[in-house]
1. Based on Cβ point charges of +1 for Lys and Arg and -1 for Asp and Glu, what charge dipole magnitude is obtained for the chain about its Cα centre, in debye rounded to the nearest 20?
2. Accessible area of residue 529, 1.4 Å probe, to the nearest 10 Å²?
3. In the range 68-186, what is the volume of the convex hull around the alpha carbon atoms, normalised per residue and reported in Å³?
4. How big is the gap, in Å, between the Cα center of the range 687-756 and the Cα center of the range 408-423?
5. Please list, or write none, the lysines whose alpha carbon is within less than 26 Å of the alpha carbon of residue 75, excluding same-chain residues fewer than 8 places away.
6. Evaluate the distance, in nm, between pseudo-label points positioned 7 Å from the Cα of residue 584 and of residue 712 along their respective Cα→Cβ axes.
7. What list of ³J(HN,Hα) values in whole Hz, one per residue of the range 407-419 in order, does the Karplus curve 6.51 cos²θ - 1.76 cosθ + 1.60 (θ = phi - 60°) give from phi, with Gly and Pro shown as x?
8. What is the angle, in °, between the Cα long axis of helix 351-382 and the longest principal axis of the Cα atoms in the chain? Nearest 10 is fine, range 0 to 90.
Amino acid sequence: MNDVLFGNNNNYVIKKLAKADLNAHKLKTFLSGTIILIATCLMAVVFMVLINDAFSLANETPYHAMYRAVPPELKETLLNDSDFEAVGIYKNIGSTVDTNGVTTLAYMDPVSMDLLGFELLNGNAPVKPEEAAISSACVAQYGLSIGDPFTFSYTNALTNQQEQRQFTICGITQNKKQEEANQFYVLVSNEFRMAFARQTSGTAISSFSTQTPASVDVLLKLNARKAGMGADAQKEYLKDKGISLGIKNYDILLNERYIEGFFIDPTMLAGILLFALFLMFASSFVIYSIFYISVINSIQMYAQMMSLGTTEKQLYSFLKRQGNILSLYFIPPGMVISLAIALLISGTEWIIYDIPITLLSGLLIFIVIKIALRKPAEILASVSPVEAMKHTDTGTGERHKPLKIITPGTLAQNNLYVNRKKNRMAVISLSISGTLMIAFTILITSFNLEAVLLEDYPVGEEFQIGVQLDNFYERFPQIIQNNPLSDELVNEILSIAGVEKIIKDEAVIGRLLEPKVTADPENVTELIESLSPELLANVSKTVSGSIDYNDIGTDGIIINKFRVDRSTLAYDKIQTGDTIRFQFDVNGEISEKVFRVIGIAYFPSTGLFYSSPEVINTISPFNNTSHLSVLCDGNSTEEIKVQLQSLIRRNPSLTLHIYSDEYGIIKDFIGVAMNSLNGISAFVIVFGLLNMINMLINSALIRRREFALLQAVGMTNGQLRKMLYREGASISVKAVIIATVMGIICGRLFCYLANEVMAFKFIIFRVSILPILIFAVLLIGLQMFVTFCICKSIERDTLTDRLRTE
């Protein structure tokens, strides 16, 4: 008999038995498969979205360079140059900034629209001066449609004057990446651009920009032969070409992202790999715990199989077959769903890469299942039929302490003790999901938006007034000799009601001579900026030395570690106590100065070197103000904003930046980015909740006869429910406690890595109670709800039927 069943044709029989067992326990099979499906889907979607974004960033603007401020005659030369496959024309007319974002009035020809990633969704491109095509986001926001009149107020990019124009909407455009970043466009016709050039000609414009009313920006895409050169050769050719045509070096903007091609930031790559490893571990452990609990609960069934002659090898093969069947049934649907999600998010553009990524994710999850089933299969293969019949989690044949008082509570405690190993696995597997969810949420809530804006508003100012220019390092030596940020302007601003203080940010440009931080020291030009008490107050951490203003003296300098961590140059080898030698060229006069490094600290701003205004003024006798920071009474912000706008319109060389407007833009942008992390957290918590459902239902199915015996000796339905509530609550409460502790620890670790290793100083660790409460309510609430449903299901069967359950 044994030879017939388990001898010559054992593979076929084992396969049939494996399928029959899965069919007999449909709920366990469904829940286990759903977890496999989610794991496959989650891994594949994360990989595909990140890879697709990298490809999109490299190809969303498929041009090699932009030449700015190109005069009309040179524009025609470039349009007829055979070295370029495509030449597009762009002209910035003006823009407006508010809490909704930045809306730019510009001209783009069809080629530049394509090169900049714009798509005409509906209607036509503008032809007449009064026609305009607007972003789809603006259409949705203001309830507009093609043919509607549209009034647009903006600040003229050349004259700095406030202007208002009325257009008729002729088309609707879309640029998803720009709109996600709250950047919108109103596109005008070439006739409007030419009329703008005529109207603006002769009016006062910025003295520190090569842009003129008639000039345009030209986008260039190399032909196939030139594009086939190496990245460095392309860059050199484009620079040489521009300079030979008379374009200023700083007006040649290379599109490095497109020239270099596909690129993933090493930090992001490390994050992807860590996430993949963690997901594989979590999936492996959850699948392992499901099959471990299933094996332990069904060990007597396997004992019966062994008594019929099933060998250890065949039992091992039995569980492996079940893993293969689950993989075959649930990994492909997970791959298909992940592809569908990726198509919804990223479109079909990168489908050729999405398919192999999906296949790789499916393979990784298959390997995870194989690893997860190894231990349960070893348990099956190592237990004899006699031991299996007597098997419990605490051992075979172990005697238990008799209960003096039998109540639902003591029975629950005893069951938890008897099944402690199985319950331990359940607690750990549930804790993993909670830990990841809490840690992710802590990372999200630790994102300090105010700290992000300190990079641009480092002294906590409400307004910044700067100089409108095209290249700081080229123009600043000219600006200081006739600086529009004059003392008269400062006094006018101070006379505005509500303005409390103005901080001058002074600077001097120098060439770093010693120490050498690169192989080409001739090109190391850096800015030394001035310190203020307000800036020092916002230093997040002093790494070494002193940042006391009084310690600067006549030659002190402080280094911003925030910039050092982000630089590709060897500034990290400069230590406190070292000397730094700079060369300065101020109005043709060459001088050198040796500074001593008195401290290294994390400043919120993006400057690298800081010293006192007094030291800067000894190097340059001119007005060295680079911008003015305006601090004011919070109750008068709007009134001050109106007066400052009126003030800077008198001078086209000035520009105004408003904290409140940029705060709203960045807040919305960060909100979109954080939603993706929240989505991952939601996936993870669903993963854990399914594990809880599987554990409770699987346990209840196996113990139906045990429950019937308890009720046969007098236990009521209410007492049975109470016992199961206590058993489930013990596991879920322990999981919540462990997840809370580990989630806070992991969240702290994530924040530490972001803050200290990656120097994201705007990630400031903050414990959030909300994710802990959500996890606790979901887990404990689901446990009680599922237990209630199980009890109701049990009560529907008669006691006799349950006693007959095998």
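1. The dipole magnitude comes to about 5880 debye.
2. Counting only protein heavy atoms, residue 529 exposes about 30 Å² to solvent.
3. That works out to 120 Å³ per residue.
4. For the range 687-756 versus the range 408-423, the Cα centre distance is 12 Å.
5. 91, 128, 221, 226, 235, 239, 241, 248
6. A separation of 9.8 nm, rounded to one decimal place.
7. Ordered by residue, 3J(HN,Hα) equals 9, x, x, 5, 5, 4, 4, 5, 4, 5, 6, 4, 9 Hz.
8. Roughly 30 degrees between the two axes.
The values are calculated or read from the model by the stated rules, or taken from the named source; none is laboratory data. These figures come from a predicted structure and were not determined experimentally. A quick note on method: Cβ atoms are made from the backbone with ideal geometry, for glycine too, and the neighbour counts reach across all protein chains shown. Calculation scope for accessible area: heavy atoms of the full protein, side chains included, ligands and nucleic acids excluded. Shrake-Rupley method; radii C 1.70, N 1.55, O 1.52, S 1.80 Å.
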